[in-house]
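The values are calculated or read from the model by the stated rules, or taken from the named source; none is laboratory data. Note that the coordinates shown come from a computational prediction; the quantities given were computed from them, not determined experimentally. Virtual Cβ from ideal backbone geometry, glycine too; neighbours counted across all protein chains shown. Areas reflect the complete protein model, heavy atoms only, side chains present, ligands, DNA and RNA absent. Shrake-Rupley method; radii C 1.70, N 1.55, O 1.52, S 1.80 Å.
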Amino acid sequence: AIANLNYRSDSVKQRTISAIRTFYTSDQSIEQLNDLDTDILIKSVWDVGDTPAKIKAKRRNFSSVKSSINADLEKLSQKGQNPENIIIAVSNVFDMTQEAKNTLLNSFTAAVKTGDMNLDQATHLLRAIKNLRENFQTKDMDVHTEDMVDQMKELLNKMTDEYTQEIEPGPEDDGIDDSYEDVEERKADGDDEFEQRDDDEDVEEDVEKIDLDEEENYEVLDTEEFEEIDALDEDEVNALEDFRKKSAIAEQFDETLGQREKKYNQYGIVPEGTYTIGTRKNIKTCLELQPFDMPKVYIGIYPICNFLFEIFIEQTGYVTTAEKKGYGRVYSSRFKKNSAGLTWHKTAGAEDVKGACWYHPSGPDSSLHHKKYHPVVQVSVADAMAFTAWIGRRIPTEAEWEASARTDMGYTYPWGNDINPKALNIEQSGLSDTCDVDEYDVFANKFGIVDLLGNVMEWTSDMECPPIKSKETIRYCVAKGGAWNAGNDVTISSRALFKNGFTSNTIGFRCISEIFL
């Protein structure tokens with residue numbers, strides 16, 4: 001693969017490749033090398049000596065060069081000139097892409113599933129192959145036979161070292177997913193509050209989704225030389241160095257989820273481009289109609305669910321704004337369907353209820369029973385930012401949210417320009433509460449993003465002064481999307497303004513990032 005890159009011998013890309021390659025001094029290096037220090041490689045690529053300031057100034061250059069090399073390696077893979085799908089990993093060592101690893105593993109497990117071999121037998125087979133590979137002697141063989149044996153060893157290395165541990169159940173593995181612990185058990189040692197869905201329940205696959213364990217999608221740079229890039233300021237350097245940490249956090253978070261739960265922690269791509277946001281209508285509470293230059297971003301396909309937020313609470317001990325205040329705003333709608341028929345009230349209600357928080361969304365008498373996959377509510381902007389930062393992401397700006405919802409078609413609704421009451425959870429639906437975030441999968445927008453209108457409003461990172469003139473200089477937080485108590489006039493342009501620290505049973509959030517984690 002390195003030879004097929006065909007870089008100039010004096011180019012910075014070739015120097016980078018060579019700097020990494022020098023650490024591979026033997027076959028054992030492939031197994032033993034897990035991480036290469038960035039600063040050591042920088043000193044090999046550029047003449048910076050041991051001067052910390054010069055090394056620091058080249059970190060951005062190194063990251064750019066590495067991304068460009070990976071883009072070239074990906075192109076070689078498509079041409080069959082990088083057969084093992086090698087890239088430079090985040091840890092600066094050569095490694096197969098995660099997609100290639102998964103393909104190899106899946107091909108083996110598929111053979112196991114369709115044959116007469118069970119998992120235990122497959123594990124024993126791989127162990128036997130590994131022992132054979134380690135003890136195989138090439139003494140007294142001719143050169144041609146030795147080459148064949150070496151190729152066999154290389155293949156067996158991949159099969160055994162890489163995957164034996166992945167397919168072998170642990171001593172206490174009973175096949176049950178214990179990654180999610182009930183909120184109410186932790187709070188009151190009560191019965192299981194969450195509805196567990198059948199493992200064989202079909203998952204909608206008709207929208208394109210981005211798995212968190214993929215390691216492609218690299219920034220492609222056209223230039224080969226990067227010395228001309230200026231030294232970065234402190235904030236830029238810190239942001240660049242944080243990438244590794246964010247990537248590791250995001251991966252660790254996803255690994256805590258079972259296969260069913262991973263669906264709700266997926267991200268869709270919003271391509272770079274100019275998008276239309278706002279509205280022509282003279283509505284002071286909406287953005288003005290305008291073009292918006294959108295960078296390429298990765299946005300959550302769904303709003304954050306209760307079970308994802310609980311993992312954050314369990315692992316960090318974070319205390320939400322509503323818990324600190326001791327109350328949250330609780331809304332009720334005019335129209336509700338129930339087993340007794342229809343209930344209708346002249347006006348909708350709203351009151352501050354003591355004890356209302358994320359695990360008691362409507363007050364102390366409410367719970368998260370059957371709401372594992374509902375969007376988390378009773379969270380403030382600060383709570384949303386704390387969660388997103390914990391997984392290496394952030395909440396979107398209002399313009400980013402609108403552009404992601406409208407797509408490049410500039411629609412009024414995620415699915416088109418006409419209202420469809422069956423495509424969203426609003427007051428007319430009669431639920432009078434939140435629902436599963438994947439309830440309306442079939443009405444995903446062009447980018448595969450779901451639940452953008454209705455169910456819950458979603459926090460953005462924007463703040464704005466109130467549209468009505470006032471002596472107050474306070475700025476309000478912007479929420480988008482309309483909730484389960486919204487009227488049928490809600491559109492992508494709709495927004496609401498709330499004071500900082502506000503929480504209610506109608507507002508949640510979703511995550512976004514400029515980089516693929």
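Just the protein heavy atoms count here, and of the accessible area of the stretch 259-324 at 1.4 Å, carbon and sulfur take up 48 percent. Positive contributions from Lys and Arg (+1) and negative ones from Asp and Glu (-1), summed over other residues with Cβ under 10 Å from the Cβ of Asp352, come out at +2. A cut-off of 5 Å between modelled amide H atoms, ignoring neighbours fewer than 5 places along the same chain, links Thr256 with no other residue. Applied to the stretch 393-408, the Karplus parametrisation 6.51 cos²θ - 1.76 cosθ + 1.60 on θ = phi - 60° returns per-residue 3J(HN,Hα) values of 10, 8, 9, x, 6, 4, 5, 5, 4, 5, 4, 5, 7, 6, 6, 6 Hz, with x for Gly and Pro.
The H on the amide N of Ile277, modeled in the peptide plane, is under 5 Å from the matching H of Gln290, Phe292, each at least 5 residues off or on a different chain.
Label separation (Val319 vs Phe23): 4.4 nm, computed from points 7 Å beyond Cα along the C-beta direction.
Extension gain, Ser11 to Ala382: 0.36 nm times the residue separation minus the Cα-Cα distance gives 128.9 nm.
In the neighborhood of Leu33, defined by Cβ-to-Cβ distances under 12 Å, what is the net charge if each Lys or Arg adds +1 and each Asp or Glu adds -1? Combined, the nearby Lys, Arg, Asp and Glu give -4. For Tyr267, the residues 5 or more places off, or on other chains, whose built amide H falls under 5 Å of its own are Ile210, Ile301.
Extension gain for the segment Asn417 to Thr397, taken as residue separation times 0.36 nm less the Cα-Cα distance, is 4.9 nm to one decimal. Taking one quarter of the surface of the C-alpha convex hull of the stretch 298-449 gives a mean projected area of 10.4 nm². Between Asp47 and Asn4, the FRET efficiency from the beta-carbon distance, with R0 = 22 Å, is close to 0.20. The 3J(HN,Hα) values that the Karplus relation (6.51, -1.76, 1.60; θ = phi - 60°) gives for the stretch 369-381 are, in residue order, 4, 6, 10, 4, 9, 7, x, 5, 10, 6, 10, 8, 4 Hz. Gly and Pro appear as x. Remark: the stretch 264-272, residue by residue, has Karplus-estimated 3J(HN,Hα) of 8, 10, 10, 10, x, 8, 9, x, 5 Hz, where x stands for each Gly or Pro and the curve is 6.51 cos²θ - 1.76 cosθ + 1.60 at θ = phi - 60°. Once divided by 2.2 N^0.38 Å, the Cα radius of gyration of the stretch 384-517 becomes 1.05.
What's the FRET efficiency of Gln32 with Ser67 using the Cβ-Cβ distance as r and R₀ = 35 Å, to the nearest 0.05? Between Gln32 and Ser67 the formula returns 0.85.
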